[in-house]
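The values are calculated or read from the model by the stated rules, or taken from the named source; none is laboratory data. Please read these numbers as outputs of a predicted model, since none were measured by experiment. Methodologically, a virtual Cβ is constructed for each residue, glycine included, from the backbone with ideal geometry; neighbour enumeration extends over all protein chains shown.
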Amino acid sequence: GDSSFQAEDKSAFVEFFRDKHGHLPVPSSPVRPRGDPSLLFVNAGMNQFKPIFLGTADPRSDMASYRRVVNSQKCVRAGGKHNDLDDVGRDGYHHTFFEMLGNWSFGDYFKEEACQMAWSLLTEHYGIPADRLYVSYFGGDAAAGLPADEDTRNIWVPTHRLLPFGLKDNFWEMGDTGPCGPCTEIHYDHVGGREATALVNADSPEVVEIWNLVFMQYNREVDHSLRLLPQVSVDTGMGLERLVSVLQGKTSNYDTDLFTPLLHAIHQRSGVEPYRGRMGAVDVGQVDLAYRVVADHVRTLSVCIADGVYPGMSGAELVLRRILRRAVRFCVEVLCAPQGTLASLVPTMVFVFQIVDIINENEAHFLSSLQQGSRLIERTLSRKDYKHGVFPGQSRSRL
Ligand code: SER
C-alpha cells in the first residue's frame, strides 16, 4: 500500500545489521515499562536491555546471551527526563510517540565499528550525501570529572565535520538514574550545499540530529555519582520519522507518508482548510499546529492503549489523559471537528502501522506451515512401515 516506503526504510535498517553485521533482531517491548519504576514510559530502545548494561540480567534469560542486537522500538517521550511534549506541533520533528531504530553491542564491538557501521548504512545503503552530515562528540566536562571522548574524535576526524559538545548534548542518560555515557550524534542538513556547522544543536529545523550513538560506560547512581559498568556497550538510536523525512526529501516529518494519511483523514472530518505545513506566526489561528498535535497525539494514544496504558489519574495514565484532552480541544476548538473525530482516526493509524499487512503476512506464513504439517502427517500415516498405530515422535514442522 501507500505506507510501504517507510516500512522499507525500517526493514532495511534491521536487515543491514542482521545480514551484514550478525545482529539478532529482537521485538520492540511494549511502551509500558516492565518492572522499572524509574520510567514513566519506554523512552529509548535501550530500556529493555538495562539489566544487560548493569550486568544484572538473569543468566537463564535469552537476554543474557545477547551480544549484537538490532530492533525498532516504540518510544514515548511525554514525561520524565526525556519529555518532548512541549515541542510537539511547534516543529516538524519532535513527537510524543516515535519509533527508534537501534543496534547494540553488549561487551562486543565498540566505538570504531559502531561509527563505521552507522556511516556506511547512512551514506552507502541509504545513499545520504556525506556533505549533508555533521558529527558531534563529547568534549568533556571538567566539573563532572569527565574527559573529552578523544577516541571518538580520532575515529571521525580524518573525514568528517566534527563538533565537540558538553554534557547536555553529548552525554546520554536514560533517566535520573541508569546507564549512561558519552555519545556521538549524526546530524543532517536538510538544505545542503553550504557550511551549516553553526546550526548543529541550535534548535534549527534545518539541521536535525538523526542518529545517536551512545558508548555506555557508567551507571548514574541515586546519589548522582557515576559508577563504572562491568563492561562497555554500544547503544544507538535513530528516529525512524526523521530518517524517513531525510529519505523522502521532506524537512518536516509531517510531510512523510508516516503522517500524511493522518493529516488527510483529519481534514476530511474537520471544518477547516487542508493542512499546509505552516509553523510559527504565519500559521494563523494555529490551524496547522492543531493538525500536527492531533496527528501526533492520536498515534501516542493508539500505541499506549494497545500496550495497556489507559488514560487515568496518576503517573503515565495521567499523562495520557492530558494528551487525550489536549487532542480533543484542538480537534473541537481549532479544527471545528465533530465529537468522535479522535477515535475515528485510529483506523488510519492502524493502516500507517501496517497492522493489517503484518497480520496477513503472519496468517499466510502460518497457514502454509499448517498445510506443510498436515501433509507431513498424512505422508507418515500412509507410509508402509507405519505400524502399531504409534506416530513417530520427531517432528520437523514448527508451527
Ligand atoms: N539511548 C540513546 C537515545 O535514546 C541512543 O539510543 O538517544
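Just a yes or no: is a residue in the range 47-64 within 13 Å of the ligand (Cβ to nearest atom) and of a type in the set (S, T, N, Q)? Yes, the range 47-64 contains at least one residue that is within 13 Å of the ligand (Cβ to nearest atom) and of a type in the set (S, T, N, Q).
Could you list all residues from the range 325-345 that are within 14 Å of residue 291 (Cα to Cα) and in a helix (DSSP H, G or I)? Across the range 325-345, the qualifying residues are 326, 327, 328, 329, 330, 331, 332, 333, 334, 341, 342.
Residues in the range 46-78 that are surrounded by 21 or more Cβ atoms within 10 Å (Cβ to Cβ) and either of a type in the set (A, V, I, L, M, F, W, C) or part of a loop (DSSP other than H, G, I, E, B) (or both): 46, 49, 52, 53, 69, 70, 75, 76, 77, 78.
Taking the numbered list (1) part of a helix (DSSP H, G or I); (2) closer than 30 Å to residue 292 by Cα; (3) small (Gly, Ala, Ser) in turn, residue 368 passes all entries but (2). Considering the range 29-45, the residues that are closer than 25 Å to residue 352 by Cα and touching a residue at least 60 places away in the same chain (Cβ under 8 Å) include one that is surrounded by the fewest Cβ atoms within 10 Å (Cβ to Cβ), namely 32. If you go through the range 255-286 and keep only what is within 28 Å of the chain's Cα centre (by Cα), in a helix (DSSP H, G or I) and farther than 15 Å from residue 327 by Cβ, you end up with 255, 260, 261, 264, 267, 280.
If you check 106, 98 for being buried (at least 22 other Cβ atoms within 10 Å of the Cβ), modelled with pLDDT of 95 or more and within 26 Å of residue 277 (Cα to Cα), only one passes: 98. Pairing each residue of the range 204-215 that is in contact (Cβ under 8 Å) with a residue 12 or more places away in the chain with any residue that is assigned to a strand (DSSP E or B) and charged (D, E, K, R), provided the two are 6+ apart or on different chains, yields C-beta distances under 7 Å for 205/91; 206/189; 207/189; 209/185; 211/185; 212/185; 214/235. Of all residues in the range 79-95, those satisfying the criterion of being more than 19 Å from residue 318 (Cβ to Cβ) and crowded, with 18+ Cβ neighbours inside 10 Å are 89, 91, 92, 93, 94, 95. Cβ-Cβ distances below 6 Å connect the following pairs, each with a first residue in the range 332-360 that is closer than 26 Å to residue 7 by Cα, a second residue that is hydroxyl-bearing (Ser, Thr, Tyr) and surrounded by 14 or more Cβ atoms within 10 Å (Cβ to Cβ), and a separation of six or more residues or different chains: 346/302; 349/302; 352/3; 354/3. The residue pairs whose first member lies in the range 82-108 and is among the polar types (S, T, N, Q), whose second member is surrounded by fewer than 21 Cβ atoms within 10 Å (Cβ to Cβ) and in a strand (DSSP E or B), and whose beta carbons are closer than 9 Å, counting only pairs six or more residues apart or on different chains, are 96/83; 103/68; 105/68; 105/232. Among the residues making up the range 273-284, those that are of a type outside the set (A, V, I, L, M, F, W, C), surrounded by 15 or more Cβ atoms within 10 Å (Cβ to Cβ) and touching a residue at least 12 places away in the same chain (Cβ under 8 Å) are 275, 277. Could we say that residue 222 is out of contact with any helix residue (DSSP H, G or I) (no Cβ under 6 Å at 6 or more places or on another chain), of a type in the set (Val, Ile, Thr) and part of a loop (DSSP other than H, G, I, E, B) here? Considered against the rule, which asks whether it is out of contact with any helix residue (DSSP H, G or I) (no Cβ under 6 Å at 6 or more places or on another chain), of a type in the set (Val, Ile, Thr) and part of a loop (DSSP other than H, G, I, E, B), residue 222 comes out as yes.
Candidates are the residues of the range 344-377 that are among the β-branched types (Val, Ile, Thr) and over 30 Å from residue 332 (Cα atoms); the one that is farthest from the chain's Cα centre (by Cα) is 377.
Give the residues of the range 137-181 that are in contact with a helix residue (DSSP H, G or I) (Cβ under 6 Å, 6 or more places away or on another chain) and within 14 Å of the ligand (Cβ to nearest atom), sorted by residue number. Matches in the range 137-181: 138, 179. Pairs linking a residue in the range 231-255 that is of a type outside the set (Gly, Ala, Ser) to a residue that is within 16 Å of the ligand (Cβ to nearest atom) and assigned to a loop (DSSP other than H, G, I, E, B), with Cβ atoms under 7 Å and 6 or more positions apart or on different chains, are 232/110; 234/109; 234/110; 241/95; 242/93; 253/93.
Quick check: anything in the range 265-272 more than 16 Å from the ligand (Cβ to nearest atom), among the charged types (D, E, K, R), farther than 30 Å from residue 105 by Cα and free of Cβ contacts under 8 Å to residues at least 24 places away in the same chain? No, the range 265-272 contains no residue that is more than 16 Å from the ligand (Cβ to nearest atom), among the charged types (D, E, K, R), farther than 30 Å from residue 105 by Cα and free of Cβ contacts under 8 Å to residues at least 24 places away in the same chain. The set of residues in the range 164-187 being farther than 13 Å from residue 213 by Cβ, among the hydrophobic types (A, V, I, L, M, F, W, C) and modelled with pLDDT of 95 or more consists of 165, 167, 180.
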